[in-house]
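A.B. asks: Take this structure first; my questions come after.
The values are calculated or read from the model by the stated rules, or taken from the named source; none is laboratory data. Just so it is clear, the model here is predicted, and its values are computed rather than measured. Virtual Cβ from ideal backbone geometry, glycine too; neighbours counted across all protein chains shown. To get the accessible areas, we keep the full protein, side chains included, count just its heavy atoms, and leave off ligands, DNA and RNA. Shrake-Rupley method; radii C 1.70, N 1.55, O 1.52, S 1.80 Å.
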Amino acid sequence: MLILNSHDLLWGSSLIVMFKSNNIVSRIFERQIYTPAPSTSVNCVRQFYENLVPNCTIYNVDCPDHSFRKFTDDGRYLISFSKNYQDLIVYRPMWLSFSCNQEDCDSHDLPSKAKRFDHFFTQLYCMPLASNNEFICKDFFLYMESNQFGIFASQTAQVYDAPATGGAVLGVPSIEKITFHLVRLSDGVVLDEKVYCNDFVNLAHSMGVFLYDDLLAIMSLRYQTIHVLQIRESGYLVDVRAIGPYCREDDELFFYSHAQHMVMQGKSKQVEFPLDQGGTGLQRNQSQETSFLSGMKQRLLSFIFRGLWNEERNRTLRVQCLKKKFHFHFQDYVDLIMWKVQFLDRYHLLIKFGSVDGGVSRNTDQQSAFLAVYNIEATEVIAFYQNSAEEIFQLFEQFCDHFHANSRNLSYMNFITSHSNNIHALEQLKSAQSKASSFSQFVKKTMAALPFCCQSRSPSPYFDQSLFRFDEKLISATDGHRQCTEHPIKFISRRHPNILKFKIKPGLEVGGADVQTKKISTFLFHPFLPLALSIQHTLLQPPVINIHFRR
């Protein structure tokens, strides 16, 4: 009988990893004769992407002068806008095909016709979306893959010094008209629109809007209202609830009844409740003359008060605790406004609170803020944390994927790398934590990402850190611009650290003469094909677009 000790088992398992063939034919054969461990079949299949990499680049492609936004998460469409941000142009990705009648075709260069943009993408339609003095928000796009609906936004110019009338928050800009368009991407038909007037919604990178299944949350910063809409299969945007000044459907009726009662008794000033510009008639924050706080603010203060009340059982200590932690900071809590919102599930919202300045600022890493979990059905705040609290950081560290409300219809969306599902990403987080001079400041900077922007991460397997290693300062699965260098970005095998799998080089093949000019790059990866676009932006120069694909 052959007996193996633990050392032999570890050595044998390492042999399997080290000497597993990189040849794709051998891998296919191994897949036929070996059975993967339970619940690892998808991970084993994804290892084929180590062989199927974008190994060819067409530099400075001659393509339409459009602003390319992203691939949809199901890979069916490439979304782009006209340069004047008036028209929507949708493409269908297709694979390059050409014939070669010579020997060893791989060594020959591609024919000139195969290097054109229209050999990789077919234009489905071009349609006007913005009207009059509106323009399309270039950074905003959400996709509902179950119905192939696209959500776009157009707006007029911002007014930064707008007066705070009708219960608006002082210091928040105003936009005369914001229009959300629900478009069926298969044929470009606009199914429905939702208009908000004299309001402000942060549309940069979809920060002020969150899509979860068929529910859409729109955060009105100016009037401190969360509009919850439902997207029907028929293509209609239906108002479900407005959370802010009122939390329950009958709250407004109660306030009106109370105001009328007080007027009849002659004991109060006249109270005005302006209607909502969005069309529901249920929300506008109370004017400064009103003695009531908003429904959301009352729920928040009640939760804080009850939490501090239950901390101490001794009456004297309880009173001292309330004076120190609640009454002393009461006005600070009252002055908080809602910055951002996301769905955790269909019944819970994660809401960020902070100062008015932080609500319209681009950089909030070092600003004090608070995170609250709100139950929509019960209309209650069930959790409240400061953004420097260790407890919320531990939750974020262990359950990061729960903060990303990914699509449940696309299985590969569950394999987007995070530090709660990937040991390499966790090591990066731990390394950044150890280098930080202050733990509270590190937590505050990390928590600045919450709530997450909706659909902001690419599901491409080439960003899977269990397969590839790359410099996240230069390229990342997270949507946004990156610093550009003259050197190509290397994707190195995670299993074989010395093997370079492929390179992505934005910009010209040889490089520009002016190396001092600041350049930024944007990368659009197809969700599952070895296909990507790199777009290099230089001030006062046309963008340079490269196509990276597998030949």
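A.B. asks: How high is the relative contact order of the chain? Use alpha-carbon pairs under 8 Å, at least six apart in sequence, and give a whole percent. It would help to have the intermediate numbers written out before the result.
C.D. replies: On the way: 1000 pairs, mean separation 70.3, N = 551.
Once divided by the residue count of the chain, the mean separation gives 13 percent.
A.B. asks: Over all directions, average the projected area of the Cα convex hull of region 173-258 and note it in nm².
C.D. replies: Numbers: hull surface 27.6 nm².
Spelled out: convex hull of the Cα atoms, projected over all directions, averaged, 6.9 nm².
A.B. asks: Which three extents, in angstrom, do the Cα atoms of region 374-420 have along their principal axes, listed largest first?
C.D. replies: Principal extents (largest minus smallest coordinate, Cα): 33, 29, 12 Å.
A.B. asks: Round to a whole angstrom and tell me the spacing of the C-alpha centers of region 151-222 and region 291-363.
C.D. replies: 26 Å
A.B. asks: By how many nm would the segment from residue 186 to residue 125 lengthen if fully extended, with 0.36 nm per residue of separation less the alpha-carbon distance? Display every interim value, and only then the final one.
C.D. replies: On the way: separation 61, 0.36 × 61 = 21.96 nm, distance 0.94 nm.
Here the segment from residue 186 to residue 125 would lengthen by 21.0 nm.
A.B. asks: Next question, about the same structure. Kirkwood hydrodynamic radius, region 94-223, all distinct C-alpha pairs: what's the number in Å? Could you put the intermediate results ahead of the total?
C.D. replies: Working: mean 1/r = 0.0560 Å⁻¹.
About 17.9 Å for region 94-223.
A.B. asks: Separate question: In the calculated pair distance distribution of region 351-496, what percentage of Cα-Cα distances lie above 19 Å? Don't jump to the answer; show the numbers that get you there.
C.D. replies: On the way: 6437 of 10585 pairs.
So the portion of pairs separated by more than 19 Å is 61 percent.
A.B. asks: Over region 453-537, what is the relative contact order in whole percent, taking alpha-carbon pairs under 8 Å and six or more residues apart? Each step should come with its number before you reach the end.
C.D. replies: Working: 127 pairs, mean separation 23.7, N = 85.
Contact order relative to length: 28 percent.
A.B. asks: Then there is this: Given a cut-off of under 8 Å on Cα pairs at least six residues apart, what relative contact order in percent is computed for region 309-421?
C.D. replies: Values: 123 pairs, mean separation 17.7, N = 113.
That works out to 16 percent.
A.B. asks: At 1.002 mPa s and 20 °C, plugging the Kirkwood radius over alpha-carbon pairs of region 27-94 into Stokes-Einstein gives what diffusion coefficient in µm²/s?
C.D. replies: Details: Rh = 15.7 Å.
Using the Kirkwood radius from Cα pairs, D works out to 136 µm²/s.
A.B. asks: Roll a 1.4 angstrom probe over the protein heavy atoms and tell me the percent of accessible area of region 70-211 that is carbon or sulfur. Could you put the intermediate results ahead of the total?
C.D. replies: On the way: 2980 of 6180 Å².
The C+S portion of the solvent-accessible surface of region 70-211 is 48 percent.
A.B. asks: Given the DSSP H assignment, sum -39500 (n - 2.57) over each helix run of at least 4 residues in the chain and divide by its residue total; what's the result at 222 nm in deg cm²/dmol, nearest 500? Numbers along the way, then the final one.
C.D. replies: Numbers: 12 runs with 112 residues, N = 551.
The helix-only estimate for the chain comes to -6000 deg cm²/dmol at 222 nm.
A.B. asks: How would 305, 370 line up by accessible area, probe 1.4 Å, largest first?
C.D. replies: Details: 305 70, 370 35 Å².
Solvent-accessible surface, decreasing: 305, 370.
A.B. asks: May I pose another question? Need one number: nm distance between label points at residue 40 and residue 319, each 7 Å from Cα along Cα→Cβ, rounded to one decimal.
C.D. replies: 6.4 nm
A.B. asks: Then there's this: If you rank 160, 347 by how much accessible surface each has, with a 1.4 Å probe, what is the order from largest down? Please report the intermediate quantities before stating the final value.
C.D. replies: Numbers: 160 165, 347 120 Å².
Per-residue accessible area, sorted high to low, gives 160, 347.
A.B. asks: How compact and how long is region 113-157, expressed as Rg and Dmax of its alpha-carbon atoms in Å?
C.D. replies: 14.5, 42
A.B. asks: In Å, what is the Rg of the alpha-carbon atoms in the chain, and how long is Dmax?
C.D. replies: Cα only, the chain: 27.0, 99 Å (Rg, Dmax).
A.B. asks: Let me ask something else about it. Among 317, 460, 28, pick out the residue whose Cα is farthest towards the positive end of the charge dipole of the chain, where Lys and Arg carry +1 and Asp and Glu carry -1 on C-beta, about the Cα centre.
C.D. replies: My answer, from the dipole projection, is 317.
A.B. asks: Which whole-number value in Å² is the accessible area per residue of the chain, probe 1.4 Å?
C.D. replies: Numbers: 28450 Å² over 551 residues.
The answer is 52 Å² per residue.
A.B. asks: Under unit Cβ charges (Lys, Arg +1; Asp, Glu -1), what dipole magnitude, rounded to 20 debye, does the chain have relative to its Cα centre?
C.D. replies: Numbers: 55 positive and 54 negative charges, 236 e Å.
My answer is approximately 1140 debye.
A.B. asks: Which of 115/490; 194/503; 435/505; 138/445; 177/444; 325/473 have a Cα-Cα distance over 32 Å?
C.D. replies: Values: 115/490 23 Å; 194/503 43 Å; 435/505 30 Å; 138/445 27 Å; 177/444 34 Å; 325/473 41 Å.
Pairs exceeding the cut-off: 194/503; 177/444; 325/473.
A.B. asks: Right, another one. State the Cα centre-to-centre distance between region 473-509 and region 224-238 in whole Å.
C.D. replies: What the calculation gives is 39 Å, centre to centre.
A.B. asks: Rounded to the nearest 10 Å², what accessible area does residue 382 show when all protein chains are kept and the probe is 1.4 Å?
C.D. replies: 80 Å²
A.B. asks: What order do 385, 34, 91 take when sorted by accessible area (1.4 Å probe), most exposed first?
C.D. replies: On the way: 385 45, 34 145, 91 5 Å².
Result, largest first: 34, 385, 91.
A.B. asks: Under 13 Å from the Cβ of residue 385, count the other residues' Cβ atoms, weight Lys and Arg +1, Asp and Glu -1, and hand me the total. Display every interim value, and only then the final one.
C.D. replies: Working: positive: 352, 444; negative: 390, 391.
Charge balance in the 13 Å sphere: 0.
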